[in-house]
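A short worksheet on the structure shown next.
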Amino acid sequence: MTLMNAIRNAALAALLSALPLHAAEAEALPAPSGDVILTVSGKIGVTNGQEGAAFGLADLDQLPQTGFETTTIWTEGVQSFSGVRLSDMLAHVGAEAGSLLMTALNDYQVEVEAGDPLLKDALLATRQNGAPMSIRDHGPIWLVFPYDADTNLRSEIVYSKSIWQLTRIEVRN
Amino acid sequence: MMPRAKSPAFSTSQWFRWMVLTLVCISLGTLIIMAQEVSQELQNLREELHENIQWNLTQIEVDLLQFENEARLAGLDPAADLAQLRLRYDLFYSRARIAMGSRCLSDAAIDSGASELVGMLRDYLDKTTPLIDAGDDRLRPDLTKIAADARTYRQTLRRTITRLIQDHAAATVASREPLTLLMQKLGWTTAFVLISLITLLYATLLYATLILRQQSEASKRENERLTSRLQATVGTALDAVIVATRDGRILDFNPAAERIFGYSRSEALDRPPEDLILSEQTVGEYRRTKEKIADGVADGSRFTVTTRRKSGEEFPAEMSIAWDVSADGRIFISYLRDVSDQVAAEQGLRQARDDAVAAEQAKTNFIAVVSHEMRTPLNGLLATLDFATEEAANASQKRFLDLARASADQLLRHVDDVLELSKAETGQLAIVQETFDLRALLDSVVEPAKAKADQMATSLTLEAPDKLPTMIGDPFRIGQILNNLVTNALKFASGGAVAVAARLEPLRRKQVRLAIDVTDTGIGISPEDQGRIFDPFVMPDASYGRSAGGTGLGLAISRGLAERMGGSLVVESTPGIGSRFTLSLPLATGRRTQDGSANATSAAPVAGHKLDVLIVEDNLTNRIVLEEMVTRLGHDVALAENGLIGVRMAAARRFDVILMDVSMPEMDGPTATGEIRRAGASRKSRVIAVTAHSMPEEIERFRKAGMLDILTKPIARAALERPIGRAATGEAEAQAAPAEQAARPTFDPERIDEISAALGLDRTISALERFCADMRRIGARLAADEALTAEDHAALFHEAKGCAAVIGHRPLTLVA
């Protein structure tokens, strides 16, 4: 009996832990911790405030981390970037497929289609060479691509979408 | 010979081909290389390695302007929040960093301007950053100155950036130049290659068309030449050539056909050849042959048909048919040759041959008849001369009678020769197969001739191997040939030498080749005569006739005999030196198994038995001769003048022996014999045919009629003695037995007949007498001399055997 109970509890826990991903609309996210560095708004499934879903660096660090090494046209030598994959972020906030209007601190804006295959490996980088990035170093969030891995990524279109000092993503239809 | 250069046309076309190929390869290679270059350039363009530099540079100015504005505003308000100012500075800072690290600014084309800009930016950041990063209290007092500095700095920066952008634009244009040039080059090359290829293609097509046209022209000309040659050939052919369709419609009719058949070409066209030129009985064969040829089951071999002219005259023609396929479908080409002349010539030849054969037959018949007609009176003449000689009154009469007798003998010999030759020519020479002793045979020829050789002072030698096997053959015929050869040799080698040499070479088991050379040192025979001497009636030298006194038939008969025995008789001769005749015969060795010893025990003639003999003979002379001969043998004789009388007499009384002539008026011999055998007192009597007919098939006929023995005229006394004597020993009882078995006398009757025919009656008798004397002598020696050795016995036997072989005494010949 004890064994059966243990199995049942484990299954329940697994089910509950999976639930937030499929949670009903406007289910609350935990409140952002520390300074908000990224806000996702618009047509998203979960929020933690009026603006939409706001994240501090610690919140982003809680999300699945990934990274890659590449050179960029803006930097010297091979750089190591890590952070949250854009698609993971979109899934995390329950964003439907649509266009994304991304805005930088200097009001630079680019619009991309969420389903664009070029965005597959796009990374919301929070660290460069292991260290958080200041605004002077194009941080705190820089949308980067693994340019060295694919010639298609070495084009002006992708360069123009490599938005640094990213602060807001609006999910549109 | 030097190899000749290739023909110019071939060389040109080859050269052309290589040139085109090379050109196409070079063109395509160039295009491919250029396309690769362009592709690489395009890839470089697509793979942009730097950001939009104009945007970045102008953004530096914008960011600086925003910072300047923030600084100015914050300078006016002492309580202002400085976070916004700091953000603006950070943004400018990051932008400046980008510009300072940007790859495009390291581009050589804008190197001087870029390093100036980088220097300016570094100076500014180094000066301003510590101010911004200081605390708010320290920063506030400086804000007005910072704004003023930023303004000154911004104006300188603007000039630098403007110049940099202009330089960059120029550099960009310059960087595009290689691609533009490349594209232009590619364009021109492509155009050139395309034009070249199109030209080439056009030229090739033109060339090919030209060649094809030339070839077609040439083949057309060749066709025309062939056609005209064919037309000329067919037109001038001596044979009729008729071309017709399968369903029988004449398409062509050549001049020879017009001439042979009498139809003009226009008359013949479109008509069926069957109706036009073939006789009715030939149509079927023509159609069958045509279809067979069309089906491929027969070739175009020639066959003979009967054809018809326009005039209706029919004539034989030789025809051959071939087929071909034309626009009209399958066509048949018939070649016809008028062979009436040839057929007529063949018929003439055949007629001539038949005539010649008939003439030859007539000649043979004539000779047979003549010799028969001559032998009958000769028979009488010789017998009468014998009797006259015996009763001659004095020596003078006897000498005359001997002369007459010699002449008659010679005449008989000639007649016999002619008869023998005619037999040989018609293949009627009888050849026997019996065991004989070659040594004895050779002795029997050579020994008697020694006396004559001695007379002429000629040496006569015999040479033969010591060990001679017993052989099977016809010893009399061999002896006849050798006798002829030796006699001839002696005639021509007077005072010289004649050598007889025998040798044997084995052929296979129980088979040898016997070769006997008769060599003389005579006058020789000229080469041109060597081939002729074997022809009948040929005597190469006029002197031959005089000295030899022959008919010239001896060699012809000898060669005929040799060939009948499967051998040959040839001559080698050198005029003035001598001649060598070689008789060569294949002979079996050993002993004939059917030569039973029964023959050896045949009864010898027994004297003292008186027989009743009936002589049936129409010829008076012959009747008298036979009566005299039989009487002298000590028998009683009755006479009948013809068959009818003979039958009557034989029926009335039993005779022991009846001598029956064959050709008689009223009733001939065989018929009479049949009558006698049918019934009457003498139906079991021994009937002996007496005839000059010695053809084998007739002898067979006589035997069938019941004549158990046959005597050939002229009749020698000894020959007569034998069959009559046989009757005396009671052998007549055996008459129902087969004739062959009955006819086994001590002396071979055929041998005796042939000896008498060859030597003449006189010499035959003297030979027989000599034989008897020899036997007596040999017998006396064997009985009297007890000191004789085994070798002496053998020698004596050998001698006796040799003598017996010549005479045909069977028992002695068969003694081993």
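For this structure, a couple of remarks:
- Taking region B:255-372 and the helices (runs of 4 or more DSSP H) fully enclosed by it, the elements with 2 or more residues that are at pLDDT 85 or above are at B:255-261, B:265-268.
- Residue, farthest from B:ILE523 (Cα to Cα), within region B:559-581, restricted to residues that are out of contact with any Lys or Arg (no Cβ under 9 Å at 6 or more places or on another chain) and touching a residue at least 60 places away in the same chain (Cβ under 8 Å): B:PHE581
- So B:ILE557, is it touching a helix residue (DSSP H, G or I) at 6+ places or on another chain (Cβ under 7 Å) and of a type in the set (Val, Ile, Thr): yes
- Of residues in region A:109-133 being in contact with a Phe, Trp or Tyr (Cβ under 9 Å, 6 or more places away or on another chain), in a loop (DSSP other than H, G, I, E, B) and more than 14 Å from A:LEU153 (Cα to Cα), the one farthest from the other protein chains (Cβ to nearest Cβ): A:ASN129
- Residues (free of Cβ contacts under 8 Å to residues at least 40 places away in the same chain and either not assigned by TED's automatic domain parsing to the domain that holds B:LEU711 or not in a loop (DSSP other than H, G, I, E, B) (or both)) located in region B:671-687: B:THR671, B:THR673, B:GLY674, B:GLU675, B:ILE676, B:ARG677, B:ARG678, B:VAL687
- Number of positions in region B:698-712 that are more than 51 Å from the chain's Cα centre (by Cα), of a type outside the set (Val, Ile, Thr) and modelled with pLDDT of 75 or more: 5
- Only one entry in B:MET660, B:MET664 is modelled with pLDDT under 85 and either under 20 Å from B:ASP753 (Cβ atoms) or not charged (D, E, K, R) (or both), namely B:MET664.
- Hits in region B:157-179 - residues which are modelled with pLDDT of 85 or more and surrounded by fewer than 12 Cβ atoms within 10 Å (Cβ to Cβ): B:ARG159
- Tabulated pairs, region B:86-98, first within 7 Å of chain A (Cβ to nearest Cβ) and touching a residue at least 24 places away in the same chain (Cβ under 8 Å), second surrounded by fewer than 22 Cβ atoms within 10 Å (Cβ to Cβ) and part of a helix (DSSP H, G or I), C-beta under 6 angstrom, 6+ apart or interchain: B:LEU91/B:ASP63
- Residues that are touching a residue at least 12 places away in the same chain (Cβ under 8 Å), more than 30 Å from B:VAL370 (Cβ to Cβ) and not acidic (Asp, Glu) occur at least once in region B:476-490.
- Candidate set: region B:124-176, residues that are of a type in the set (Gly, Ala, Ser) and over 28 Å from B:PRO78 (Cβ atoms); chosen: the one nearest to the chain's Cα centre (by Cα): B:SER175
- Pick from region A:145-157, criterion part of a helix (DSSP H, G or I) and closer than 18 Å to A:VAL78 by Cβ, ranking: nearest to the other protein chains (Cβ to nearest Cβ): A:THR151
- Residues being in a loop (DSSP other than H, G, I, E, B) and surrounded by 20 or more Cβ atoms within 10 Å (Cβ to Cβ) - total across region A:73-100: 4
- Filter result for B:ILE211 (of a type in the set (Val, Ile, Thr) and either modelled with pLDDT under 85 or surrounded by 17 or more Cβ atoms within 10 Å (Cβ to Cβ) (or both)): no
- When B:ALA71, B:ALA114 are screened for being in a helix (DSSP H, G or I), touching a residue at least 60 places away in the same chain (Cβ under 8 Å), more than 14 Å from every other protein chain (Cβ to nearest Cβ) and buried (at least 20 other Cβ atoms within 10 Å of the Cβ), only B:ALA71 passes.
- Residue in region A:64-84 that is away from chain B (no Cβ under 14 Å), under 15 Å from the mean Cα position of the chain (by Cα) and farther than 16 Å from A:TRP142 by Cα present: yes
- Any pair with Cβ under 9 angstrom, 6 or more apart, that starts in region B:388-414 at a residue that is in contact (Cβ under 8 Å) with a residue 60 or more places away in the chain and ends at one that is β-branched (Val, Ile, Thr) and surrounded by 13 or more Cβ atoms within 10 Å (Cβ to Cβ): B:ARG405/B:THR389; B:ARG413/B:THR551; B:HIS414/B:THR551
The values are calculated or read from the model by the stated rules, or taken from the named source; none is laboratory data. Here the structure is a predicted model, which means the values were calculated and not measured. Methodologically, a virtual Cβ is constructed for each residue, glycine included, from the backbone with ideal geometry; neighbour enumeration extends over all protein chains shown.
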